[in-house]
Each structure stands twice: as structure tokens, then as C-alpha cells.
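The values are calculated or read from the model by the stated rules, or taken from the named source; none is laboratory data. No experiment lies behind these values; they were computed from the predicted model shown. All Cβ positions, glycine included, derive from the backbone under ideal geometry; neighbour counts span all protein chains shown. The accessibility values were calculated without ligands, DNA or RNA, using every heavy atom of the protein model including side chains. Shrake-Rupley method; radii C 1.70, N 1.55, O 1.52, S 1.80 Å.
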Amino acid sequence: NFALSSPESLVTTVDLPEPLVELYKESNSVQAQERWKKWGVEDRIEEVLIDSKLFVRHEKFELIFIDSGHEYEDIKADTENALKMLSKGGTIIWHDFYTRSFPGVTAYLAELSEYMKIKWINKRENWLETSLCYFKF
């Protein structure tokens with residue numbers, strides 16, 4: 001969706017490598033690659049197969065979307081790494097905030113919001129509500 005919505009951008013996505021897929025029993029890599037080809041965006045998507053807690057680059061990113069491990073320590077590590085890679089004026093978006101299914105995400109981001117200006121996109125219509133929050137640097 002990011003590559004389709006922003007044709008001038010290069011999208012870097014992180015997914016688990018095969019040995020960890022067996023451990024965690026989940027990966028979207030194969031299905032995602034098929035969609036990228038179908039939509040004609042595969043040349044603008046770089047897939048990095050690594051545990052997200054270990055992913056840090058020296059280059060800066062304008063937008064970082066975090067939707068990976070949902071335990072407190074996972075979201076903490078992903079956020080700390082994202083903050084190292086976020087460009088001035090960039091934005092981090094977190095998924096699965098304020099849901100009963102992922103209390104670790106909510107707990108960590110609530111703590112972080114005590115000293116960072118994290119905003120929850122709180123929009124409810126009928127049965128649909130968001131679980132996104134963001135921080136703009």
C-alpha cells in the first residue's frame with residue numbers, strides 16, 4: 001500500500017527470515033512478493049529478512065510504520081531502533097495501539113507518551129475503530 005500510494009518512494013520492509021518463521025509460525029513474505037509483482041511495484045520495494053529488533057541502518061527514513069512483535073519488549077526494541085533511523089520531520093506510526101489483544105503495545109506507548117508527543121488516531125464509526133498512533137519528529 002505504501003508503494004502504491006507513493007510512486008516516487010522506495011519502501012523498505014522487514015520480515016522474519018526462514019529460521020525465525022518456523023519459530024514464530026508467521027511470515028507474510030511470499031504472499032507480499034506475489035502482490036508486489038501483480039501491482040507492478042516490486043522494483044521499488046526492498047525486503048530485508050531479519051528480526052526487526054536487530055534492524056538498524058545509518059540512513060534516515062521519513063516514515064516508519066511499526067507492526068511487528070506485540071510484546072512489550074518487542075515494541076520497545078522496534079521503537080528504539082526506529083527513533084535512531086527517523087529523519088528530522090519524519091513520522092513513526094504504530095499499529096495495534098489500545099487493543100485488548102496487545103496490551104504490551106499499549107503499555108509501552110503509554111509510557112513513552114509521558115515524554116514524547118504521541119497521538120492516537122481515535123476515530124470510531126459503527127464497528128470500525130483505528131488502532132494507530134503516531135509521533136512526528
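So here's what we get for this one:
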{"read-out": "Matching residues, the stretch 68-106, being at pLDDT 95 or above, closer than 20 Å to ASP15 by Cβ and polar (S, T, N, Q)", "value": "THR79, ASN81"}
{"read-out": "Residue count, the stretch 98-117 (criterion: assigned to a helix (DSSP H, G or I) and of a type in the set (Ser, Thr, Tyr))", "value": "2"}
{"read-out": "Condition met for LEU109 (buried (at least 16 other Cβ atoms within 10 Å of the Cβ), more than 20 Å from SER6 (Cβ to Cβ), at pLDDT 90 or above and not β-branched (Val, Ile, Thr))", "value": "yes"}
{"read-out": "Matching residues in the stretch 62-91 - criterion: being in a strand (DSSP E or B) and over 14 Å from TYR134 (Cα atoms)", "value": "SER87, LYS88"}
{"read-out": "Odd one out for GLU62, checked against (1) out of contact with any Gly (no Cβ under 6 Å at 6 or more places or on another chain); (2) open to solvent by 30 Å² or more (accessible area, probe 1.4 Å); (3) closer than 25 Å to SER9 by Cα", "value": "(1)"}
{"read-out": "Meets criteria (outside any loop (DSSP other than H, G, I, E, B) and open to solvent by less than 70 Å² (accessible area, probe 1.4 Å)) for TYR134", "value": "no"}
{"read-out": "Pairs where the first residue, in the stretch 78-94, is free of Cβ contacts under 8 Å to residues at least 24 places away in the same chain and the second is outside any helix (DSSP H, G or I), C-beta under 7 Å, 6+ apart", "value": "ALA82/ILE64; ALA82/ILE66; ALA82/ILE92"}
{"read-out": "Matching helices (runs of 4 or more DSSP H) fully within the stretch 1-57 where at least 3 residues are modelled with pLDDT of 90 or more and farther than 25 Å from GLU71 by Cβ", "value": "2-5, 29-39"}
{"read-out": "Test: SER87 is open to solvent by 50 Å² or more (accessible area, probe 1.4 Å), of a type in the set (S, T, N, Q) and either over 20 Å from LEU16 (Cβ atoms) or in contact with a His (Cβ under 8 Å, 6 or more places away or on another chain) (or both)", "value": "no"}
